[in-house]
Amino acid sequence: MSYGLGFFELFQLAEDFGAEPLPIVNCGLHCQFAAWDQHGKDDLAYLDAYVQDALDLVEFACGDATTTWGRVRAEMGHPQPFGVKMIQIGNENWGEDFLWNFDTIAQAVKAKWPQIEVIGSAGGGVDNDGWRLAMKHYAGRSDFTLDEHYYQPADWFYRNASRYDAYDRKGPRIFVGEYASFDRVNGKARICFDNALGEAALMTGFERNCDVVVKAAFAPMFMRCVEGTKKFFNDRKYSSEAWSGAMLWFDGLDVIGRSSYYVQKMFALNRPDVIVPHAQDVPQTREGVFAVCGLDRAKGEIVVKVVNPGAARKLTLDFAAALPAGKVSVETLACDDLYAENSLAESGKVMPMSATVAFAGGKTLEHELPAHSLAVLRLTVR
């Protein structure tokens, strides 16, 4: 339900944020989780309307004021094009009909607007029949990007930290458009710090394989809680807008960031622009350390992200060349209790801490990793 928020408002919001909007248009199929009433390759006349709808939206976003929909945008108060660079066709759709519809709409968009990146759907999950069909259909098509979604237990996230290491570099690029971790205990969803660490472990794989994973978006972002309840997540009730995996919870009085929020923030504010290969086997379980190393060339700093789901341990970093003595900035998100979580009642259970430690110089850096932690280290190299 949009509650009156349309594409115009989406584009304005992105413009205010300095962000790139990704509008998603209907592919001619219902939400396949809810209904199977569909229009596909046997109903081309019906599909024409969806082709035109996608073309009209791109014209509304990118056309000048002499075009039909560019003029509409100008009359709404935004004479300059929004300059949208990408569009997605379908959301969590799959199957032969979807792939036919997607190809038809995508070809029409690219024919008129070749500069627009077109993104498709790999279905409502991964490693299932719909996902396999999409990957087979777009094998060898590195000019397309497919949207993968997964909501899985923490152990799945740990096991899949190396998921993209073996992806076909000639196949479609990946947009992880929705991901969040939760576990089910006695039939109820449980969301805690362990889930956030699992997400962080998988994100080291996103970053390490950024030639394949070209976009990623945690979902969902916001959840409105029933006002007047101040209990922990597992005991409270939520309004109909609730989506319990959200990283920001709010009611009429307060807003808090779950542990997943701080994981996202730490990754977002510490993005290298070059990945530095390092010799380490990626664990398949939580009994190991998940790491990714990069270089922030503008600041002249090595950026290391390390996820340690288990007991406290020593991290040893070996460099190819000796580095000068200096200081290492360290930000750590840790908690003794893996099942702890921030809530509107107790908002400070899992919070990042910052520190600076001395580095004597040389080819080796050692650092003590707390139990159950995500650490981001930044070390100056010039």
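The values are calculated or read from the model by the stated rules, or taken from the named source; none is laboratory data. Just so it is clear, the model here is predicted, and its values are computed rather than measured. Please note: Cβ atoms are built from the backbone with ideal geometry, for glycine as well, and neighbour counts cover all protein chains shown. Accessible surface is based on the protein model in full, side chains and every heavy atom, while ligands, DNA and RNA are left aside. Shrake-Rupley method; radii C 1.70, N 1.55, O 1.52, S 1.80 Å.
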* To do: Would you mind listing the strands (runs of 3 or more DSSP E) fully within region 168-234 where at least 2 residues are modelled with pLDDT under 85 and closer than 21 Å to Arg286 by Cβ?
  => 183-185, 188-190
* **Any chance Leu133 is over 29 Å from Phe60 (Cβ atoms), modelled with pLDDT of 95 or more and not acidic (Asp, Glu)** => yes
* Asked: Ala61: in contact with a Lys or Arg (Cβ under 7 Å, 6 or more places away or on another chain) and under 21 Å from Gln12 (Cα atoms), yes or no?
  -> no
* Do you know which of the residues in region 333-347 that are more than 25 Å from the chain's Cα centre (by Cα) and either of a type in the set (A, V, I, L, M) or over 19 Å from Glu199 (Cα atoms) (or both) is least open to solvent (accessible area, probe 1.4 Å)? -> Ala345
* **Residues that are within 24 Å of Glu199 (Cα to Cα), open to solvent by less than 60 Å² (accessible area, probe 1.4 Å) and not in a loop (DSSP other than H, G, I, E, B), drawn from region 126-150** => Gly130, Trp131, Met135, Thr145, Leu146, Asp147, Glu148, His149, Tyr150
* Tally of residues being surrounded by 14 or more Cβ atoms within 10 Å (Cβ to Cβ) and assigned to a strand (DSSP E or B) across region 260-279 -> 1
* Asked: If Pro324 satisfies every condition in (1) over 25 Å from Gly198 (Cβ atoms); (2) open to solvent by 30 Å² or more (accessible area, probe 1.4 Å); (3) modelled with pLDDT of 90 or more but one, which is the exception?
  -> (3)
* Structure fact -> Picked from region 82-103 (must be part of a helix (DSSP H, G or I) and without any contact (Cβ under 8 Å) to a residue 60 or more places away in the chain), the residue farthest from the chain's Cα centre (by Cα) is Glu96
* Extreme residue, farthest from Glu207 (Cα to Cα), among residues of region 151-180 that are crowded, with 20+ Cβ neighbours inside 10 Å and hydrophobic (A, V, I, L, M, F, W, C) -> Ala154
* To do: Return the only residue of Asp183, Asp194 being surrounded by fewer than 19 Cβ atoms within 10 Å (Cβ to Cβ) and touching a helix residue (DSSP H, G or I) at 6+ places or on another chain (Cβ under 8 Å).
  => Asp183
* **Extreme residue, most open to solvent (accessible area, probe 1.4 Å), among residues of region 283-297 that are of a type outside the set (D, E, K, R) and either in a strand (DSSP E or B) or free of Cβ contacts under 8 Å to residues at least 24 places away in the same chain (or both)** => Leu295
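Per-residue answers, yes or no, for (1) of a type in the set (A, V, I, L, M); (2) within 30 Å of Pro153 (Cα to Cα); (3) modelled with pLDDT of 95 or more; (4) assigned to a strand (DSSP E or B):
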site	(1), (2), (3), (4)
Asp281	no, yes, no, no
Lys299	no, no, no, no
Val306	yes, yes, yes, yes
Leu315	yes, yes, no, yes
Thr332	no, yes, yes, yes
Ala371	yes, yes, yes, no
Leu377	yes, yes, yes, yes
Arg382	no, no, no, no
* Asked: Mind checking which pairs have a first residue in region 130-144 that is closer than 16 Å to Val214 by Cα and polar (S, T, N, Q) and a second that is open to solvent by less than 50 Å² (accessible area, probe 1.4 Å) and modelled with pLDDT of 90 or more, Cβ under 7 Å, 6 or more apart or different chains?
  -> Ser142/Gly171; Ser142/Pro172
* Structure fact -> Those residues of region 363-382 which are open to solvent by less than 20 Å² (accessible area, probe 1.4 Å) and of a type outside the set (A, V, I, L, M) amount to Ser373
* Structure fact -> Pairs returned, first residue in region 5-19 that is without any contact (Cβ under 8 Å) to a residue 40 or more places away in the chain, second residue that is assigned to a helix (DSSP H, G or I) and open to solvent by 60 Å² or more (accessible area, probe 1.4 Å), beta-carbon separation under 9 angstrom, 6 or more apart or interchain, are Leu5/Leu13; Ala19/Leu13
* Asked: Quick check, is Val350 crowded, with 19+ Cβ neighbours inside 10 Å, assigned to a strand (DSSP E or B), at pLDDT 90 or above and within 29 Å of the chain's Cα centre (by Cα)?
  -> no
* Could you tell me which residue of region 39-75 is modelled with the lowest pLDDT, considering only residues that are exposed (fewer than 13 other Cβ atoms within 10 Å of the Cβ) and not in a helix (DSSP H, G or I)? => Asp42
* Some residue of region 87-96 being among the charged types (D, E, K, R), modelled with pLDDT of 95 or more and either under 30 Å from Ala340 (Cβ atoms) or open to solvent by 20 Å² or more (accessible area, probe 1.4 Å) (or both) -> no
* Asked: Residue check, Ala34 against (1) surrounded by 18 or more Cβ atoms within 10 Å (Cβ to Cβ); (2) at pLDDT below 90, all met but one. Which one?
  -> (1)
